[in-house]
1. Of (1) closer than 25 Å to Phe83 by Cβ; (2) surrounded by 15 or more Cβ atoms within 10 Å (Cβ to Cβ); (3) at pLDDT 90 or above, Gly135 satisfies all except one. Which?
2. Asp143: part of a loop (DSSP other than H, G, I, E, B), modelled with pLDDT under 95 and either more than 23 Å from Asp96 (Cβ to Cβ) or in contact with a strand residue (DSSP E or B) (Cβ under 6 Å, 6 or more places away or on another chain) (or both), yes or no?
3. Out of all the residues in segment 104-116, is one or more at positive phi, in contact with a Gly (Cβ under 9 Å, 6 or more places away or on another chain) and crowded, with 18+ Cβ neighbours inside 10 Å?
4. Give me the residue from segment 170-182 that is surrounded by fewer than 16 Cβ atoms within 10 Å (Cβ to Cβ) and not hydrophobic (A, V, I, L, M, F, W, C) and, out of that set, nearest to Gly71 (Cα to Cα).
5. Which residues, counting only those in segment 100-128, are in contact with an Asp or Glu (Cβ under 8 Å, 6 or more places away or on another chain) and either not hydrophobic (A, V, I, L, M, F, W, C) or not assigned by TED's automatic domain parsing to the domain that holds Gln63 (or both)?
6. Any residue that is among the β-branched types (Val, Ile, Thr), crowded, with 18+ Cβ neighbours inside 10 Å and over 27 Å from Gly224 (Cα atoms) - is there at least one of those in segment 117-131?
7. Can you confirm whether segment 217-226 contains a residue that is at pLDDT 95 or above, over 24 Å from the mean Cα position of the chain (by Cα) and not assigned by TED's automatic domain parsing to the domain that holds Lys84?
8. Would you say Glu75 is in contact with a Lys or Arg (Cβ under 9 Å, 6 or more places away or on another chain), at pLDDT below 90 and surrounded by 14 or more Cβ atoms within 10 Å (Cβ to Cβ)?
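The values are calculated or read from the model by the stated rules, or taken from the named source; none is laboratory data. Predicted, not measured: the structure shown is a model, and the values here were computed from it. We place every Cβ from the backbone using ideal geometry, glycine too, and count neighbours over all the protein chains shown.
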Amino acid sequence: MQVTRWRPSHRHRLRRPKLRGRWLVIILATLMIAADRPAEQTSEKESLSKLQDYVGSWRGVGQVRRGSTKGAWSESSDWAWKFKDDTASLTFKVDDAKYFNTGTLRAIDGNAAYELLAESDNSKVKYLGQLDDAGMLVLKSADVPSDKPARISIRQVADGKRMLVLFERRVGEDRYLRMAEVGYTRKGSNFGKGTNYIECVVTGGVGTMPVTFEGKTYYVCCTGCRDYFNDDPAAALAEYRERKQQEKQDSK
């Protein structure tokens, strides 16, 4: 008796290449997305590095009117890097704050602008802005509660040892009036630009916190950089060496 072996029809044979092609497209797309994420984080970190001197601990005195102690208050703040889900940001926390207790600052619009999400116990406000030619970060919000500023301006003086934060309310389409200003002094302000200091291996800032890898000690500038380093020390050090090599080439 002759046994007939089943063979797939022409229609069945065509299905496999199509299916394989679909899976190939999905795999390639996944690899492209995964490959793009580290570059995206690097780009955000490079843009935020312009604000590196914000990172650290600060003691501040707030004044409603400059030169007057009426209504004045004291507060302290801490700025740190945060790395999460392949993104980079700067975060701050303020003790005894008049306006906002916490906030997150990100680079947006192709890293040409910045977004600040500031929070207090009873509100959350989003600000958008850019660095001006003098290096001052000016952030504005179109929708704020009456007791919160519509514009926040941040600038640094004295080689990064001082930081001034001006809060203003809107009184017209493009007119603002002072609400208050906080003058911060960096804790341990003997650290500063233009002086010799230990470099953070993650961002290049002032390294104040020791971390170790393979029996050797390195330094980072904040808890965010510490967590980033500890998550993958070898990768963090590879990025650091690559950055230093690039700086060396650029200086030639």
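1. Here Gly135 clears every test but (2).
2. Values: part of a loop (DSSP other than H, G, I, E, B): yes; modelled with pLDDT under 95: yes; either more than 23 Å from Asp96 (Cβ to Cβ) or in contact with a strand residue (DSSP E or B) (Cβ under 6 Å, 6 or more places away or on another chain) (or both): yes.
Yes, satisfied.
3. Just the residues of segment 104-116 that are at positive phi, to begin with: 109-111.
After this cut, where a residue has to be in contact with a Gly (Cβ under 9 Å, 6 or more places away or on another chain) as well, the list is none.
No; the residues of segment 104-116 include none that is at positive phi, in contact with a Gly (Cβ under 9 Å, 6 or more places away or on another chain) and crowded, with 18+ Cβ neighbours inside 10 Å.
4. Of segment 170-182, the ones surrounded by fewer than 16 Cβ atoms within 10 Å (Cβ to Cβ) are 171-175, 177-178.
Applying the additional criterion that residues be not hydrophobic (A, V, I, L, M, F, W, C) yields 172-175, 178.
On the way: Gly172: 25, Glu173: 28, Asp174: 27, Arg175: 24, Arg178: 14 Å.
The residue in question is Arg178.
5. Matches in segment 100-128: Asn101, Thr102, Gly103, Arg106, Asn111, Lys126, Tyr127.
6. Pass one, segment 117-131, residues among the β-branched types (Val, Ile, Thr): 125.
Of the ones still in play, those that are also crowded, with 18+ Cβ neighbours inside 10 Å are 125.
Keeping just the survivors that are over 27 Å from Gly224 (Cα atoms) gives none.
The answer is no; no qualifying residue exists.
7. Looking through segment 217-226, at least one residue is at pLDDT 95 or above, over 24 Å from the mean Cα position of the chain (by Cα) and not assigned by TED's automatic domain parsing to the domain that holds Lys84.
8. no
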